[in-house]
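Rule-based calculations on the coordinates, nothing more; no lab input. It should be emphasised that the depicted structure is a prediction, and the values quoted were computed from it without experimental measurement. Cβ placement follows ideal geometry from the backbone for every residue including glycine, while neighbour counts extend to all protein chains displayed.
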Amino acid sequence: MFQPVPNPSTRPEPPKFGDQDLIRRSASTVTPPAQRQTEVAKLIDVSKCIGCKACQSACIEWNDTHPEIGINTGVYDNPHDLTPDMFTLMRFSEWENPETNNLEWLIRKDGCMHCEDPGCLKACPAPGAIVQYSNGIVDFVHENCIGCGYCIKGCPFNIPRISKVDHTAYKCTLCSDRLAVGQGPACAKACPTQAIVFGTKEEMKQHAEGRITDLKSRGFANAGLYDPPGVGGTHVMYVLHHADKPEIYADLPNNPRISPIVEAWKGVTKYAGLAVIGIAAATGFMHYLVSGPNRVSEADEEAAEKLTGEERRP
Amino acid sequence: MSTDYDVGKGDKIHAGKPVTVDRYTPGARVNHWITATSLVLLALSGLALFHPALFFLTELFGGGPLTRVIHPWIGVLLFFSFFGLFLRFWKANLWKREDGTWLARIRDVLTGHDERLPEVGKYNAGQKFVFWAMSVLIIVLITTGIVIWDQYFFEFTTIGQKRWAVLVHSIAAIVIISVWIIHVYAAIWVRGTIRAMTRGSVSGGWAWRHHRKWLRELVAKSSKGKSGRTPAE
C-alpha cells in the first residue's frame with residue numbers, strides 16, 4: 001500500500017507553485033527558474049484497475065464539467081471518447097492472450113500524459129496558452145487559448161479537445177489547482193484500489209518497481225513501466241502487465257514522440273519560411289538599387305503612335 | 001471576330017498623343033483588388049499564427065480567437081474572388097512559343113533590355129508564372145485550409161492528415177507570399193504598370209515596350225473592325 005497524499009491543513013497557504021516555476025510557455029521564451037521543483041507523477045497501475053469509473057466521476061466533480069448523457073452502443077466506454085467535458089476516460093479492451101488462451105480485460109485510464117517534451121505546447125501559436133511547470137505539469141491557460149486546434153496536431157496521444165461552447169482546448173490538468181494547495185489529483189483520491197497513486201516521480205518509479213516484481217512473480221513476464229522516452233518521459237505513467245505491447249491497451253502508442261511532421265512545421269519551416277520571404281523582399285530591393293526602374297521611353301511612345309496611326313490609315 | 005487568345009473584351013486602343021490602351025475593365029479591377037485585399041489580410045493573419053514573433057498581428061483582427069475565426073473565411077472569399085480572375089485571365093495566360101525565348105533571355109529581362117526580348121502578348125512569361133503559381137497555390141491552400149478548419153471540418157480527416165495539411169499549408173503560404181512579392185515588385189519596377197489596375201489603361205509606349213504582340217493584335221483588330229463593319233452596325 002502506498003501512503004496516500006494526506007489532507008492539507010485548513011489554514012490558507014500560499015500556492016506551492018505558480019508562474020515563477022514555468023519551464024516552458026507556448027510561443028514564448030521563459031527563463032527557467034534556477035531551482036526545479038521536485039517532479040511529480042501519477043502512476044496508473046492497469047493491473048489493479050477494476051473499471052469502476054470512480055476516477056471519471058471524481059474528475060467531473062472536481063472540474064465541475066457536465067458531460068452529455070450518452071448512449072450505450074454495447075461497450076463499457078462511457079462516454080465513447082474524451083470530450084471537452086471528460087478529461088479522463090476508462091478504455092476497455094478485450095484481449096485474447098495467445099500464450100494462455102485466456103481472455104484478458106484490459107482497462108486503461110486514458111488522459112493527458114503530461115509529457116516532459118509536450119507536443120501540444122510545441123505546436124501552440126498563442127503565447128502562454130500552454131505552460132509547463134517545473135514539477136512536470138502541462139497546463140492549458142484558457143484566457144490565452146485561441147481555439148486553433150494546433151495542440152491536437154501536436155499531441156502524440158490524441159488528448160486535447162476543443163470545446164464547442166467557449167472554443168478553447170481542454171484536457172486533464174493533473175489537478176494543478178489541487179496540487180498547488182498540497183492535495184493530490186481527484187482521480188487518485190477517489191480510486192478505491194489504489195490503481196491510481198500520486199507522488200514524486202522518483203517515488204512512483206520505485207512503487208512501480210515493486211508492482212512489476214509482484215506481477216512478474218504472478219506470471220506476467222513482460223510486466224513493466226510505461227514512461228516513454230520518446231517524449232522525454234511522462235508525468236502520468238502506467239504499470240502494464242504486457243509492457244512489451246502497449247498497443248493492446250486501446251492503442252496506447254508503442255513509442256510515442258512528437259510527429260516529425262509537426263517538428264518540421266514548428267522547426268525548419270518556421271525559420272526557413274520567414275527567411276525565404278525576407279530574401280524575396282531583399283532581392284527585389286537590391287535589384288531596384290542596381291538596375292533602377294524600367295521606364296517607357298519617348299521612343300516607345302512615338303513607336304506606338306506611329307503604329308496606331310499607320311494601321312488606321314485607310 | 002478576333003481569335004487572338006489574349007485580347008480581352010475591354011482591351012481597346014485610343015489613338016492620340018500619347019496613345020492609351022485599355023487593359024482592364026472596371027469589373028476586372030474590382031475583382032483584382034478584392035483578391036489583393038484578401039491576400040494581404042490572409043498573409044497578415046496567417047503569419048500571426050505561424051511565428052510567435054508575429055503573433056502581435058492578431059491585434060489587427062481583434063485578438064487571437066477572432067484571428068482564428070476570420071482567417072479561413074477570408075480564405076473562402078479569396079478563393080471565389082481569385083476564381084473570378086481565373087475565368088477572366090486564364091486564356092491570355094496560356095503558354096506560347098515566345099514565352100520560352102523570353103524566359104531564356106531572363107538576364108535581359110532583369111537588366112531592362114526589353115529591346116532584346118521577343119514580342120509578347122498580353123502577358124509575358126513572368127506574369128504567366130505568377131498567374132499559374134497563384135492558381136495552383138490557392139487550390140493547395142484552400143484544400144489544406146479546409147482540412148485544418150477544425151470548427152467545421154474536424155471529423156472529416158484524421159489527425160495524421162491534419163498534420164500534413166498544416167505543414168503543406170504553411171509551406172504553400174510562404175511560397176505564395178514570395179510570389180506576391182515578385183508580383184508587387186514587378187509592378188513597381190516596370191513603370192506605368194500600376195495604372196493598368198487603378199485607371200484600367202496603360203500608355204501606348206508601355207504596350208509597345210512590354211507587350212508589343214498584344215498591341216499589334218489590338219491595332220489589327222481595330223482597323224479590321226473599321227473596314228469590316230457591316231451596314232447594320
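Numbers below:
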| read-out | value |
| --- | --- |
| Charge dipole (debye, nearest 20) of chain A; +1 at Cβ of Lys and Arg, -1 at Cβ of Asp and Glu | 720 debye |
| A:Asn158 paired with A:Ser9, simple spin-label distance in nm, labels 7 Å along Cα-to-beta-carbon | 4.7 nm |
| Where Cα atoms sit under 18 Å apart: lysine pairs in chain B separated by 8 or more or lying on different chains | 24 |
| DSSP bridge orientation in the protein assembly as shown - percent antiparallel, rounded to nearest 5 | 85 percent |
| Pair A:Ile279, B:Leu110: separation of 7 Å Cα→Cβ label points (nm) | 1.3 nm |
| Cα-centred dipole magnitude for chain B, charges only on beta-carbon of K, R (+1) and D, E (-1), debye, nearest 20 | 920 debye |
| Chain A: relative contact order as a whole-number percent, Cα under 8 Å and 6+ apart | 23 percent |
| Label-to-label distance, nm, for residues given as A:Lys16 and A:Lys245 (7 Å Cα→Cβ offset) | 3.9 nm |
| Karplus 3J(HN,Hα) series, Hz, for the range B:151-159 with 6.51 cos²θ - 1.76 cosθ + 1.60 (x for Gly, Pro) | 4, 10, 10, 4, 6, 7, 9, 7, 5 |
| Of the trypsin sites (Lys or Arg not before Pro) in the range A:135-224, those whose Cβ has at most 13 other Cβ within 10 Å and which sit in DSSP loop | A:Lys164, A:Arg218 |
| Cleavage-rule hits, trypsin sites (Lys or Arg not before Pro), the range B:152-219, DSSP coil, Cβ neighbours within 10 Å at most 16 | B:Arg191, B:Arg199 |
| Length gained when the stretch A:Asn97-A:Arg36 is fully extended (0.36 nm per residue, less Cα-Cα span) | 17.7 nm |
| Per-pair calculated FRET efficiency, R0 = 25 Å: B:Glu59 and A:Leu289 via Cβ, rounded to 0.05 | 0.15 |
| Residue-by-residue Karplus 3J(HN,Hα) for the range A:32-37, coefficients 6.51, -1.76, 1.60, Hz, glycine and proline x | x, x, 4, 10, 7, 5 |
| Highest-fluctuation residue, A:Pro293, A:Pro12, A:Pro256 considered, GNM on chain A with Cα pairs under 10 Å | A:Pro293 |
| Sorted by Cβ neighbour density within 10 Å, fewest at the top, the residues A:Ser26, B:Ser170 | B:Ser170, A:Ser26 |
| Per DSSP, loop chymotrypsin sites (Phe, Trp or Tyr not before Pro) in the range A:131-184 with at most 16 further Cβ within 10 Å | none |
| Lysines whose Cα lies under 21 Å from that of A:Lys53, excluding same-chain neighbours fewer than 8 positions away | A:Lys42, A:Lys109, A:Lys171, A:Lys189 |
| Chain B: relative contact order in percent, alpha carbon pairs under 8 Å with at least 6 residues between | 28 percent |
| GNM flexibility winner over chain A from A:Ala186, A:Ala223, A:Ala280 (Cα, springs under 10 Å) | A:Ala280 |
